[in-house]
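Undergrad: Shown below is the structure under consideration.
Coordinate-derived values only; no laboratory data. As the structure is a prediction and not an experimental result, all values here were calculated from the model. With ideal geometry, Cβ positions are generated from the backbone for all residues, glycine too; neighbour counts draw on all protein chains shown.
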């Protein structure tokens with residue numbers, strides 16, 4: 001039953017999405033910022049007006065105190081409201097008419113009241129409340145008029161209900177300035193956001209192009225970027241993946257060629273011997289069948305190695321575990337190599353190890369790992385050289401290492417030693433097994449050893465010794 005793919009949303013480029021989101025943010029911040037700034041300006045401006053009215057109230061109270069002391073009362077006090085502050089009036093030689101008091105206070109955006117000692121309004125610049133009683137709340141806004149130590153009235157200057165033309169013009173100008181500043185800041189934010197977004201999207205576009213190329217089989221694609229951020233990390237990860245795929249593809253092609261080569265030699269020997277037996281060239285004896293048997297065993301080992309690698313990669317490598325003294329097992333295996341050691345004229349040392357607990361391992365598979373590493377070390381050690389074996393505790397692990405005094409391994413080759421069909425020296429034949437990875441020279445030995453050690457929960461590695469030679473090691477958890 002075919003599963004239907006989920007419906008896709010309309011395709012919108014990341015640049016459009018990001019710029020749309022940035023535009024919404026800029027508009028919200030601009031609108032909210034303008035509202036708050038406008039509210040703050042109006043509040044501060046109102047505070048300024050109130051303070052100015054307080055100063056005018058105090059000044060008006062002083063003028064009215066002198067008037068009351070000079071005239072002995074409030075008779076014709078409205079004339080004072082026409083020009084309580086002469087500096088605010090037009091010059092006498094001016095052709096402009098004398099502004100009435102109402103126009104002067106309106107121009108200032110204020111309203112002036114003179115209240116007698118009995119709380120009755122004596123004069124009103126707006127001429128609306130004369131003769132009315134003033135409540136206590138309004139009286140607290142004014143300044144007392146003191147004559148010879150006695151309060152004879154109160155002067156009140158309060159803000160008018162409507163702002164004056166000058167005040168309204170000032171607020172409108174401030175609003176225009178705020179709006180212009182927000183618009184310019186928003187435009188700059190959009191421009192910078194667009195540049196930054198484009199800078200982030202460019203490597204993503206390169207990465208998309210490279211991914212499409214890899215999907216179509218071009219594994220040589222790499223993405224170059226100078227970004228030192230998550231996008232740079234993504235590009236580096238892609239480059240590593242592409243390089244690994246390229247190496248895997250190269251290894252696959254090399255594996256096919258290597259398998260064909262390794263199969264051709266024993267099959268040719270088998271075929272030649274069989275034809276010779278059929279034609280009567282060789283007599284049908286046990287000795288004439290030995291080459292056929294040897295090459296058959298080689299083919300069997302090759303197929304078995306490939307099978308073990310396939311099982312390990314699929315996570316299906318079966319281990320027949322049992323309690324084993326690993327260091328004692330190593331000592332027994334060294335003994336079995338004595339003929340090979342003597343033939344190679346190599347000296348072997350086993351560093352004594354402390355008492356260690358038994359491990360629950362597959363001894364047969366560990367024997368395969370150790371045999372591979374030790375045979376490699378002996379094969380790469382010149383006559384008179386030494387091979388040193390150690391089996392010692394290493395934290396929560398047991399570490400088995402084999403160090404030789406050979407030529408070592410080129411540093412650039414070390415990371416690839418445990419890959420399938422990898423050989424350090426491809427130019428040397430498989431007869432001597434100088435591939436540094438398999439006694440049979442096909443490059444499967446170390447790959448199989450790695451799969452076995454990792455199946456036990458350990459690690460395997462190789463390095464060059466400080467005094468020359470190579471050191472191969474693997475660990476097993478206690």
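Undergrad: Dividing the convex hull volume of the Cα atoms of the stretch 181-229 by its residue count, what figure in Å³ per residue is obtained? Intermediate results must be reported in sequence, preceding the final value.
TA: On the way: hull volume 3.7 nm³, N = 49.
Spread over its residues, the Cα hull of the stretch 181-229 gives 75 Å³ apiece.
Undergrad: Please list the equivalent ellipsoid semi-axes of the stretch 282-431, computed as the square roots of five times the alpha-carbon gyration tensor eigenvalues, in descending order and whole angstrom.
TA: 28, 22, 19
Undergrad: Could you tell me what % of all Cα pairs in the stretch 108-246 have separations over 19 Å?
TA: On the way: 6890 of 9591 pairs.
Across the stretch 108-246, Cα pairs with separations above 19 Å total 72 percent.
Undergrad: Kirkwood Rh, Cα Rg: Rg to Rh for the stretch 230-313? Walk me through the numbers before you get to the answer.
TA: Working: Rg = 21.3 Å, Rh = 16.1 Å.
Looking at the stretch 230-313, the ratio lands at 1.32.
Undergrad: Highest mean first, how do 244-253, 383-392 rank when packing is the count of other Cβ atoms within 10 Å averaged over residues?
TA: 383-392, 244-253
Undergrad: Could you work out how far helix 165-215 tilts from the main Cα principal axis of the chain, as a 0 to 90 degree angle to the nearest 10?
TA: 10 degrees
Undergrad: If you find the alpha carbon centre of the stretch 16-32 and of the stretch 341-393, how far apart are they in angstrom?
TA: Centre-to-centre distance over Cα atoms comes out at 69 Å.
Undergrad: What do you get for Rg/Rh over the chain if you use C-alpha atoms and the Kirkwood form of Rh?
TA: We get a ratio of 1.51 for the chain.
Undergrad: If I fit a long axis through the Cα atoms of helix 230-278 and take the longest principal axis of the Cα atoms of the chain, what angle between them do I get, 0 to 90°, rounded to 10?
TA: 10 degrees
Undergrad: What angle, in degrees between 0 and 90 and rounded to the nearest 10, separates the Cα long axis of helix 14-71 from the longest principal axis of the Cα atoms of the chain?
TA: 20 degrees
Undergrad: Related question: For the chain, what is the relative contact order in percent, using Cα pairs closer than 8 Å and at least 6 residues apart in sequence?
TA: With pairs under 8 Å counted, the relative contact order is 9 percent.
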